[in-house]
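Got a structure for you, written out below as structure tokens; questions coming shortly.
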Amino acid sequence: MTQTLAYRQAHAPRSPLVAFLCFLIAILEGFDLQVAGIAAPNLKLQFALDPATLGWFFSASTIGLLIGALVGGHLSDRIGRERVLLWSVAGFGAASIITGLSQSPAMLIGARIATGLGLGGALPNLLAFTSEHAAPGRERRAVALLYCGVPVGGASVSLIGAALGTDWRTPFVIGGLLPLLLAALLWRVMPPGQAPAQAREEPQGIAEALFGQGRLIASLLIWTSFFATLIILYLVLNWLPTLLTGLGLSRQTSFLAQLAFNCGGLVLCAVTAPLLDLRRGWLVALAAFTAIPILLLRASAIEDAGAAILFAFLLGGAVLVTQSYLYALAPRLYPASSRGVGVGAAVAAGRIGSIAGPLLGALLVASGGGMGAVLRGIIPVALVAGAAAIILSLRQLRS
């Protein structure tokens, strides 16, 4: 009882300023994760990139993010969330600026790998930090509201890209200067020199942290759901504009559909966040995972711009609510002393899915079935993701 009280006191809710800064970091995560997509057409022209090199450019940040999530989560359990979060934010900010100043394909790819390392180091620490410093009983809500920043960042990318036209360098510079400013503010409001509160408990080895004390099944389930939902998310993010134009819709409609996808995620994540701390909060996930295959089956009925935008809004809401739920669920599966490792591994499993998603989309497009075939092809993935998440949630209720 004394240890629990001491832990709660050490993890008392932080100031609204710190919570707001964490939300801004989430926005910048969403911005930097999607900025490569709007830059790619102009980059391809300027550097005469062949498809293979362009593929490496898209994959570089994901590879870095995968490594960064594993390493950053592990380090945070030993030297503190604040320290790793601060240096990760500064790192992806500096790397984004270097991307915008790149003069060769090799420099572009190297800078994007470095950006991914910073993004990967920041994300699991941001989730663990927010969960640990939320008011008791509101941990999942706090993480879900934090996640609302990611679609805000994605929508900002779309708007800035539309405003700047062929200027691909400025979005990277903007996406770099703002994190550096935030890192300076973080240094002032939560300096990283203090001993980590989670260090009161002896850090566990990686295998013990992930699989010890009956966590084997929970870890496998959360990894499966993260992997499958990121396949869906990144397939849709990468292929939705192409698929819509393939139906004869205009590029403007495709742009509006991308914006609607992020707006749907923002609205529905914000609306559902307060429900996640309730005992029946898992029903939110059940509804979202059920909606995804229904929407995918109805995709072939899209015939005009209005239907495309509504479809994107609802699909974005359903997909991003599942992500919000998983991010809210993951930190509570692991004790404080190994929470960074646990959340980092879950984020890394999702990043593997984000690599597989566009590749699966390419295979489905190559099969020649059109938009309906591509979107119906990921329905089994959605069913697997939903089954894993709901089984895990019901197991947590019984434990």
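The values are calculated or read from the model by the stated rules, or taken from the named source; none is laboratory data. This structure is a prediction, so every number in the text was calculated from the model and none was measured. Counting neighbours? That spans all protein chains shown, and the Cβs are built from the backbone with ideal geometry, glycine included. Accessible surface is based on the protein model in full, side chains and every heavy atom, while ligands, DNA and RNA are left aside. Shrake-Rupley method; radii C 1.70, N 1.55, O 1.52, S 1.80 Å.
Just need the relative contact order of the chain here, percent rounded to a whole number, with Cα pairs under 8 Å and 6+ apart. Write down the numbers at each step before the final one.
Values: 690 pairs, mean separation 100.6, N = 399.
Relative contact order for the chain comes out at 25 percent.
I want to make sure I understand the PRE zone here: with the label point 7 angstrom from the Cα of residue 208 toward its beta carbon, which residues in the range 314-354 have backbone N atoms less than 14 Å away?
Answer for the range 314-354: 335-339.
Also: Tabulate in residue order the Karplus-calculated ³J(HN,Hα) for the range 63-76, using 6.51 cos²θ - 1.76 cosθ + 1.60 with θ = phi - 60°, rounded to whole Hz; enter x for Gly and Pro.
4, x, 5, 4, 5, x, 5, 5, 6, x, x, 5, 5, 5
With angles folded into 0 to 90 degrees, how steeply does helix 81-100 sit against the dominant principal axis of the chain? Use alpha carbons for both and round to 10.
20 degrees
Would you tell me the accessible area of residue 355, worked out with a 1.4 angstrom probe on the heavy atoms of the protein chains, in Å² to the nearest 10?
In the full protein context, residue 355 sits at about 60 Å².
Using the Cα gyration tensor of the range 243-295, with a ≥ b ≥ c the square roots of its eigenvalues, what is the shape: rounded (a/c below 1.5), prolate (a/b larger than b/c) or oblate (neither)?
Values: a/c = 7.24, a/b = 2.26, b/c = 3.21.
The shape class here is oblate.
Now, a different point. Residue 138: accessible area at probe 1.4 Å, nearest 10 Å²?
For residue 138, solvent-accessible area is about 130 Å².
Continuing with this model, one more query. How far is it, in nm, from the label point at residue 310 to the one at residue 352 when both lie 7 Å from their Cα along the line to the Cβ?
4.0 nm
Which one, 54, 362, 105, is farthest towards the positive end of the dipole of the chain when Lys and Arg carry +1 and Asp and Glu -1 on their Cβ?
362
Taking 0.36 nm per residue of sequence separation and subtracting the Cα-Cα distance, how much length would be gained by fully extending the chain between residue 173 and residue 251, in nm to one decimal? Before the final figure, lay out the partial values.
On the way: separation 78, 0.36 × 78 = 28.08 nm, distance 2.57 nm.
Extra length from residue 173 to residue 251 when fully extended: 25.5 nm.
Residue separation times 0.36 nm, minus the C-alpha to C-alpha distance between residue 283 and residue 383: what's the value?
Fully extending the segment from residue 283 to residue 383 adds 34.5 nm.
Now for a separate question. Once the Cβ-Cβ distance between residue 395 and residue 79 is put in as r, and R0 is 35 Å, what FRET efficiency do you end up with, to the nearest 0.05?
For residue 395 and residue 79, the calculated efficiency is 0.65.
Report the percentage of all Cα-Cα pairs in the range 307-352 whose separation exceeds 17 Å, rounded to a whole percent.
Working: 473 of 1035 pairs.
Of all Cα-Cα distances in the range 307-352, 46 percent exceed 17 Å.
I've got another one for you. Taking square-rooted eigenvalues a ≥ b ≥ c of the alpha carbon gyration tensor, is the chain rounded, prolate or oblate, where a/c under 1.5 means rounded and, failing that, a/b exceeding b/c means prolate?
Numbers: a/c = 1.82, a/b = 1.28, b/c = 1.42.
Oblate shape, in that a/c is at least 1.5 and b/c is the bigger or equal ratio.
Please give the peptides 268-281, 326-339, 39-52, 157-170 ranked by average Cβ packing (other Cβ atoms within 10 Å per residue), highest first, as a rough proxy for protection.
The most tightly packed comes first, giving 326-339, 268-281, 157-170, 39-52.
Simple spin-label model, 7 Å along Cα-to-Cβ: residue 373 to residue 187 in nm?
Using points 7 Å along Cα→Cβ, the separation is 5.5 nm.
By the gyration tensor of its Cα atoms, with a ≥ b ≥ c the square roots of the eigenvalues, what is the shape of the range 101-173: rounded for a/c under 1.5, prolate for a/b over b/c, or oblate? If you can, show how the numbers build up before the last one.
Numbers: a/c = 5.26, a/b = 1.82, b/c = 2.89.
It comes out oblate by the Cα gyration axes.
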